[in-house]
1. Taking K and R as +1 and D and E as -1, what net charge do the other residues with C-beta under 13 Å from the C-beta of Ala43 add up to?
2. Just to be sure I follow: if Rg is taken over the C-alpha atoms of region 106-260 and Rh is the Kirkwood radius over the same atoms, what is Rg/Rh?
3. Excluding Leu220 itself, what net charge comes from residues whose Cβ is under 14 Å from its Cβ, given Lys and Arg +1 and Asp and Glu -1?
4. For the residue pair Arg68 and Lys96, what label-to-label distance in nm results when each label sits 7 Å from Cα along the Cα-to-beta-carbon direction?
5. Give me a comma-separated list of calculated 3J(HN,Hα) values for region 191-205, in order, Karplus coefficients 6.51, -1.76, 1.60 applied at θ = phi - 60°, integers in Hz, x for any Gly or Pro.
6. Considering all alpha-carbon pairs of region 73-190, what whole percent are spaced by more than 16 angstrom?
7. For a bin width of 5 Å, list the pair-distance distribution of region 163-244 built from all Cα-Cα distances, rounded to whole %.
8. How big, on average over all directions, is the shadow cast by the Cα convex hull of the chain, in nm²?
Amino acid sequence: MNIKWWNHFKRTLLWLLVICVCPAYAQKANSVLAKMTLEEKIAQLMIVRVSSTGTPEETAKMLADIERYQPGGVCFFKGGPMQEAHLTQQMQRLSKVPLFVSIDGEWGPAMRLDSCTAFPRQMTLGALAPQNDYLIYLMGYEVANQCNAIGVNLNFAPCIDVNNNPNNPVINSRSFGENREKVADKASLYLKGMQAGGITGCIKHFPGHGDTETDSHLGLPTIHKSRALLEETELYPYHRLLSRNPEMVMVAHLHIPALD
């Protein structure tokens, strides 16, 4: 078989599918939007923090808020897999539009939930020999399986920051390493594994949180680099991974004078 011809045929078939299906999705989306109040449309832009460890009173209020405000999604920060799955079912029943149910699962749901398998952190995966990189794809696929099992459909991973500052207090082991090529290669495999498992991935923290010495949860880091240097290192993985069609990009809390 002529491989070049076959690849051209597959691309053509894919575009025909997109042309046929997209108008139907757009029509459905527009019909849903038409029934929403302005407040509900605004709420759809928000993902709110939730936990399955609250008291019965706290959980009742959280469910009442979901029903009243109709946010676009929720993000679990604490709890266990069984409680999270049960609470997710309750929230989905209260939502007019299916919720994004998200988690920071860079090394799987265990990053936030107890009683889950903790996979290696990204820095450990960065140390894999290239011939074993296929394991990263398999890990991404298994993380997707675990997310599916508890009702999570959006994982805020992978982290594609280039860890080029040894004093970084917040990225550190969450990065695949200090080599931009290695970060892009390994993060791409992780993303593809999750996508193959049916989970929405999210590359972060744009435009790059690796060269900081401040925890952005506690302060505002400033990166004093030229646009050219940012393109050379921080932005390189984004140029690579955007071609992999990630569904989301998370923006960092950073001050970058060359960009701002």
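1. -1
2. Numbers: Rg = 14.9 Å, Rh = 15.6 Å.
Radius of gyration relative to Kirkwood radius: 0.96.
3. Net local charge, Leu220 excluded: -3.
4. Each label point is offset 7 Å from its Cα along the Cβ direction, giving 1.7 nm.
5. Ordered by residue, 3J(HN,Hα) equals 4, 5, x, 5, 4, 5, x, x, 10, 6, x, 8, 7, 7, 10 Hz.
6. 60
7. 3, 14, 25, 24, 18, 11, 5, 1
8. 17.1
The values are calculated or read from the model by the stated rules, or taken from the named source; none is laboratory data. Treat the numbers as computed from the prediction; the structure is a model and nothing was measured. Methodologically, a virtual Cβ is constructed for each residue, glycine included, from the backbone with ideal geometry; neighbour enumeration extends over all protein chains shown. Heavy atoms of the whole protein, side chains included, go into the accessibility calculation; ligands, DNA and RNA do not. Shrake-Rupley method; radii C 1.70, N 1.55, O 1.52, S 1.80 Å.
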